1. With each run of n ≥ 4 DSSP H residues scored as -39500 (n - 2.57), what mean residue ellipticity at 222 nm is computed for the chain after dividing by its residue count and rounding to the nearest 500 deg cm²/dmol?
2. Quickly work out the Asn126-to-Glu626 label distance, labels modelled 7 Å from Cα along the C-beta direction, and quote it in nm with one decimal.
3. Once both axes come from the Cα atoms, what is the angle between helix 262-275 and the longest principal axis of the chain, in degrees from 0 to 90, rounded to 10?
4. For Glu254 and Asp475, compute 0.36 nm times the residue count separating them, minus their Cα-Cα distance, and round to one decimal in nm.
5. Would you calculate the separation in nanometres between label points at Asp617 and Thr35, each defined as 7 Å from the Cα along the Cα-to-beta-carbon direction?
6. Checking the table Lys486/Lys506; Lys247/Lys335; Lys457/Lys643; Lys247/Lys275; Lys360/Lys390 against a 18 Å threshold on Cα-Cα, which pairs fail?
7. If R₀ is 51 angstrom, what is the calculated FRET efficiency for the pair Leu498 and Asp99, using the beta carbon separation as r and rounding to 0.05?
8. Could you compute the net charge surrounding Asp303? Neighbours are other residues with a C-beta less than 14 Å from the C-beta of Asp303; K and R count +1, D and E count -1.
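Any read-out appearing in this document is the output of simple, stated calculations on the displayed coordinates, not a laboratory observation. These numbers were taken from a predicted model, which means no experiment stands behind them. Here the Cβ is made from the backbone with ideal geometry for all residues, glycine too, and neighbour counts use every protein chain on show.
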Amino acid sequence: MSNTNYAGKTGQHPVFPIEQETPYPMTVTDGSGRTMPHTVSCASDTLTFSVRLQKKLEAVSGRMRLFRDDDGAVLWLEMTGDAGGVWSVTVRGRDVCADGEQSGLFYFRFEFDTRFGHLIYAKEENDFGAVYRWQDENIHAFQWTVTEDRYVLPDSMCGGIMYHIFVDRFSRSEQHPKMPQRGDAVYNDDWYHGIPQHAHRPGGQVENNEFFGGNLWGIAERLPYLQSLGVTVIYLSPIFRAYTNHKYDTGDYETVDPSFGGDPAFVHLLREAGKRGIRVICDGVFNHTGDDSRYFNRYGKYDTVGAYQSEESPYFSWYRFKNYPDEYDCWWGVKVLPALYSGNPDFREYICGEEGILHKWMSLGVSGWRLDVADELDNRFLCDLRTRVKAENPEAVIWGEVWEDASNKIAYNRRRRYFRGGQLDSVMNYPFRDGILAFVRDRDAGALSRAVQMILKHYPAGCTHLLMNLLGTHDTERIISALAAKPMGDLDNDALALISMTDEEKARGRALVRLASVLQFTLPGIPCIYYGDEVGMEGYRDPFNRRPYPWGKEDTVLLAHYRTLAAIRTSHAVFADGDTEILCAADGVFVFERRNEGETLRICVNRSDEVYPISGDWYDLLTAAEYRDGVSVMPDTAVILQKL
């Protein structure tokens, strides 16, 4: 059962049309009586679910209908009612988990026998409120996740700021100007105006062997710049030896690519970043390799016997061949990316073993991993990876590339177990990006509210505080282009390569990016800046979103705004682990508060055409302005308010 697996017409009661009324909200409390903002708990935790019914219904009995996703079982739990019309049921997580499990995913609703008939209390279809239904039709269920007790999430990166770098396009090195050059690569010397190599149409054949010369030495030289942005975590695109500029076609997990400076440059970056309190995480591409790799070795460039070369290869069992050697599983049909069988014991040992790849790089100082296409990785591999990462460093973080709700994701006909205790710490937060775009570009505050509520209701709190809150990545349009450039339409890449935003579009884009970034920096999670977004870099889809960083030609106004946001975030601990409550999400206005025991901040972004009033005495952290007797939030502006 999923939360949308009921269909049919909604029945109306001929005598008591309560379906037209809004039910009292469900409350969930833990064993100490504390109200829970979400329905996520550990196996040993006890939760009490309570629903208040109107007395005029004269309910005589109530039950919680609990659907267990692991095995499809339906559990009926009796509720008790009090004189005030409140019906409650208390449940311990492990008591309802499937046999042999210490975690689970559940969907639930409440059913009552009343004077007027059988009444169902269920979830709204497109929101997180509740509805009444007299008939078992068109019913949607609430979600409850039970995690393993051992699911301990690191918190030392919470409250920080992440910076995502596509290595070849961020910075050349002045101190190491000459990197090794390959005979089978193309080198583009035009850092500021060069057009990235591209196919005529998306998905067309392209070598991806053009390099602009950015490297790890160059990143180390730019650490003072990153420090000025408040960056505490650098997320590097893949760095291991590979044929292409993007390195998602790993050739050798044991070696940093020479064109990026090799192992010495990486060790230097780790050391210098550490001196500044900046951690470095790597992009773990463990779902596939390149066909040009020591493991597959289709072209014989490596001094190994690859899987393509012989069925006796030690790597043969890592891949799945259909008709040896030329027909094999590959990532999305891309022949140069043969898919790894990540469940293979030898591969798991190679990556996750005591002396494996994870150990090698973490022993040098790597602080975490972003897992490429996590949906395609075997459950056993993810569990082994977590075990090894936490053994190396309990505070290291594992993020997964998941584009949807990661708490209930179904991929390749399998329900994923990312947040049940043995796999991921958190994920890339694409749902927030979608919600922010819908609100800032299209004024749809409801879409942003639904995205935020989905995360708050479905994710463990620790996962939420570690989310990669992104506005752009190497896989998306640049945020300024997504907000203000002309739509791509059906234009081919040759056309997109030559399009630049007009001055009017840039001005509009800058204003909208300011609003989007306020949300990115203040909603729960870690803001992840895609290199250059903070200075107005534009670009449509890959590869035009991967142009070199415009050193010396930055949008300094936008950069100053990002530095202000960084200073605010760094100086207020509420952004690390504070609770979040949405106060308004309607008519082009989004208002929410972040709260902890020490302070409460109110954030308002106004995309309407009207002034939005907020009563009280406030100090705006964005503008350093004091307001007595209320704040008037003007159209297309934002405030981050602190009580005076």
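1. That comes out to -6000 deg cm²/dmol.
2. Between Glu626 and Asn126, the simple spin-label model gives 4.5 nm.
3. Result, in degrees: 50.
4. Details: separation 221, 0.36 × 221 = 79.56 nm, distance 2.56 nm.
Using 0.36 nm per residue and subtracting the Cα-Cα distance, I get 77.0 nm.
5. 2.8 nm
6. In this structure, Lys457/Lys643; Lys247/Lys275 exceed 18 Å between Cα atoms.
7. On the way: r = 62 Å, r/R0 = 1.21.
With R0 = 51 Å, the Cβ-Cβ based efficiency is 0.25.
8. On the way: positive: Arg241, Arg294, Lys301; negative: Asp252, Glu254, Asp292.
Neighbourhood net charge equals 0.
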